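Report on the following structure.
The values are calculated or read from the model by the stated rules, or taken from the named source; none is laboratory data. Since we're looking at a predicted model, the values are computed, not measured. Cβ atoms come from the backbone with ideal geometry, glycine included; neighbour counts cover every protein chain shown. Quick note on the areas: whole protein, heavy atoms, side chains included, nothing else; ligands and nucleic acids left out. Shrake-Rupley method; radii C 1.70, N 1.55, O 1.52, S 1.80 Å.
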Amino acid sequence: MANARIKNIEAILESCPRNALFGAIVFFVLIHSAVADTIYLKSGLSISVTRTQEKDGQILYWVGGDQYSIDKDAVLKTETGDAPVSKGSFTGSTISGSGVQDLTRRDSVANSPHDKIKLPIPGGPKQNDAYWTGLRNRIMVRDTIDDQRLAEIEIQHNDRTTADAFYLAATTEMQNGNADKAAGYFEHAVRAMPDRVDLLQWHAIALAAQGRYPDADNELERANSLKPDSVEVLRMLGSARYDADHTADAIAAWKRAQELSPDPAVAGLLHKAERELEVEEKSRSKKSRHFTLHYQGDKTSADLQQQILATLETAYQDISRQLSYEPRENIIVILYTKTEFMDITQAPSWAGALNDGKLRIPIGGITAMDSELERNLRHELTHSFVHGLSSGRCPIWLNEGLAQLMEPRSAAMYARQLGPMFLDRKAIPFSAFQYSFTRFNPLQAEVAYAESLSATEYLQGRYGMTEIVRMLQSIGTGVEPGNGSDNSTGMDYSVLAQRVGEEMAKQ
């Protein structure tokens, strides 16, 4: 997501004392260790921490093994246990407005805004069932699937055993983040039993994970023809159609699913798709080698259409060269008025554009390509590359950092203010930036983008883009983001922050 206001961060950092700034924006994502205390800030936020200690006018606290500090004057109180999830005022305090906002809880964090709609995952082989355990032992050597053993099962012409063996192999590879290999195994399973709906569903998931959305749509069409009133299949079919840019057909599938079994999540998707369709029906489309551009002819001149596609194709070549990767799917780009953009995306007010699997660009009043629009296009396009490289698992700080690098943008302007914050351990830790920035207010977003760019630029300068790509691929196989950084650089998040601070201090 492009941050339309990031150009103002230098003034924000300049005008705020570091401790006051930190007190205004601090929030953390709960990491692996158990939470013991909650610090309630006078600003209305809360921090879930492992333990606390008061020293010299500061509240020292630990999140996992990392130590941080905050001015005691910024703290309302500290209590044992998690902060309550509350919509109303905080009883007994001077906090007003919407009450305590605990952003440390994963259930309050939005999914990545740079992903296609995820297909719901159906049930898979039962891991502890004797039948599946026996089959697992037949096809695996230690923790590795043995293709020779699978071939031996296949030539015995027992369709059920063949289908189950390849099904088990495929779901195992899906768990390991190997969608390409899994798709091949699912093809064998479907070939053995072409009318098994569960196999078609899983094959569609593997295809979608590779960006092969029309192919996923086709598999789910077959599943739907076999089981037309399956709510699960209809929901999946709607998602696959939507990702394949078949909005009207997606709406039809989701509406039928809602008739059979209403679901709030599907209702939200349906509302968004219906609003999109209203815009699409007024739109035309134009294709280039890698993009399909949806635009409204009365609002977008032919010259601007061509300039946008040309800019995107140039950016595509540049980013693919730097990352040594190309997305498999044709990339959808939709141009909106500013009102349409806010209504359909529900993006925060500070967002300059959005990539949720489709590049959504507000261009109200723009009649020709300018530098800001070009930066936004390059920024949002980068998210499509990162999504593919990391199988949608890239932590948001690295995703947004790379997108800013590709604009291109440099963190040098933030060095004087952010450097001491990193060194004094008063910057927001990267573990807080693994999830969507859309939950942040404008000030929080400014700093989140600046820290993300600073860290990513440091990694590029120190290790090169090749190592960053390797890190993304590692994360894509299911390695935890923090471990992916550690494996590639030898640094966990706390050490990374220290190194970024040291580099900024030199500047």
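Would you please classify the overall shape of the range 286-337 from the alpha carbon gyration tensor, given that a ≥ b ≥ c denote the square roots of the eigenvalues, rounded means a/c under 1.5, and beyond that prolate means a/b larger than b/c while oblate covers the rest?
prolate
Going Cα to Cα from residue 426, which aspartates and glutamates come in below 13 Å? Please leave out same-chain ones fewer than 8 positions away.
By straight Cα distance, residue 426 reaches 66, 71, 451.
If the cut-off is a Cα-Cα distance under 13 Å, which aspartates and glutamates reach residue 77, setting aside same-chain residues fewer than 8 apart in sequence?
The qualifying aspartates and glutamates are 37, 54.
Which whole-Hz ³J(HN,Hα) couplings does the range 350-355 yield from phi under the Karplus relation 6.51 cos²θ - 1.76 cosθ + 1.60, θ = phi - 60°, glycine and proline marked x?
For the range 350-355, the Karplus-derived couplings read 7, 6, x, 5, 8, 10 Hz, x marking Gly and Pro.
Just report the Cα centroid separation between the range 455-478 and the range 296-326, whole Å.
Computed from Cα coordinates, the inter-centre distance equals 25 Å.
Could you check the simple spin-label distance between residue 261 and residue 498, using points 7 Å along Cα→Cβ, in nm with one decimal?
Computed distance between label sites residue 261 and residue 498 equals 5.2 nm.
Estimate the FRET efficiency between residue 80 and residue 176 by the formula 1/(1 + (r/R0)^6), using the beta-carbon distance for r and 35 Å for R0, to the nearest 0.05. Display every interim value, and only then the final one.
Values: r = 40 Å, r/R0 = 1.13.
Plugging the Cβ-Cβ distance into 1/(1 + (r/R0)^6) gives 0.30.
Quick one: Kirkwood hydrodynamic radius for the range 374-486, alpha-carbon pairs, angstrom, one decimal?
14.2
What is the sum of charges around residue 56, taking Lys and Arg as +1, Asp and Glu as -1, for the other residues whose C-beta is under 15 Å from the C-beta of residue 56? Please report the intermediate quantities before stating the final value.
Values: positive: 55, 72, 425, 426; negative: 54, 71, 73, 424.
Around residue 56, the charge tally is 0.
Determine the relative contact order of the range 204-353: mean sequence separation of Cα pairs under 8 Å and six or more apart, normalised by residue count, in whole percent.
18
Using a 1.4 angstrom probe, figure out how much accessible area the range 125-249 has per residue, in square angstrom, rounded to the nearest whole.
Numbers: 5730 Å² over 125 residues.
Dividing the accessible area of the range 125-249 by its residue count gives 46 Å².
Compute the signed sum of charges (Lys and Arg +1, Asp and Glu -1) over the other residues within less than 12 Å, Cβ to Cβ, of residue 196. Before the final figure, lay out the partial values.
On the way: positive: 160, 191, 222, 227; negative: 159, 164, 195, 198, 219.
Residues near residue 196 contribute -1 overall.
If the cut-off is 16 Å between C-alpha atoms, which aspartates and glutamates fall inside it for residue 506, apart from same-chain ones fewer than 8 positions away?
Within the straight-line cut-off, residue 506 pairs with 424, 457.
What residues qualify as long-range amide H neighbours of residue 292, i.e. H under 5 Å apart, gap of 5 or more or another chain, H built at 1.01 Å from N?
331, 332, 333
At 7 Å along Cα-to-Cβ for each site, give me the label-to-label distance between residue 339 and residue 248 in nm.
2.5
Apply 1/(1 + (r/R0)^6) to the Cβ-Cβ distance of residue 121 and residue 439, taking R0 = 22 Å, and write down the FRET efficiency to the nearest 0.05.
Numbers: r = 24 Å, r/R0 = 1.11.
Result of the calculation: an efficiency of 0.35.
To the nearest 0.05, what FRET efficiency results for residue 130 and residue 328 with a Förster distance of 41 Å applied to their C-beta separation? List each step's numbers first, then the result.
Details: r = 39 Å, r/R0 = 0.95.
Computed FRET efficiency for residue 130 and residue 328: 0.55.
So what are the ³J(HN,Hα) numbers for the range 490-504, from phi and the Karplus equation (6.51, -1.76, 1.60; θ = phi - 60°), rounded to whole Hz, Gly and Pro as x?
Along the range 490-504, the couplings run x, 10, 7, 4, 5, 5, 4, 4, 4, 5, 4, x, 5, 5, 5 Hz.
Taking amide H atoms as placed 1.01 Å from N in the peptide plane, list the residues 5 or more away in sequence, or in a different chain, whose amide H sits under 5 Å from that of residue 75.
Answer set, sorted by chain and number: 42.
Here is the link list: 255/338; 255/282; 299/358; 126/255. Which ones come out longer than 30 Å on Cα distance?
The answer is 126/255.
In nm, give the distance between the simple-model label positions of residue 226 and residue 466, each being 7 Å from the Cα along the Cα-to-Cβ direction.
That separation, rounded to one decimal, is 4.6 nm.
Could you grab the relative contact order for the range 201-293? Cα pairs under 8 Å, six or more apart, rounded to a whole percent.
Reported relative contact order: 19 percent.
So what is the orientation-averaged projected area of the range 171-287, using the convex hull of its C-alpha atoms, in nm²?
8.0
Please work out whether the range 328-377 counts as rounded, prolate or oblate from its C-alpha gyration tensor, where a ≥ b ≥ c are the square roots of the eigenvalues and a/c under 1.5 means rounded, while otherwise a/b larger than b/c means prolate and anything else oblate?
Taking the square roots of the gyration eigenvalues as a ≥ b ≥ c, the range 328-377 is oblate.
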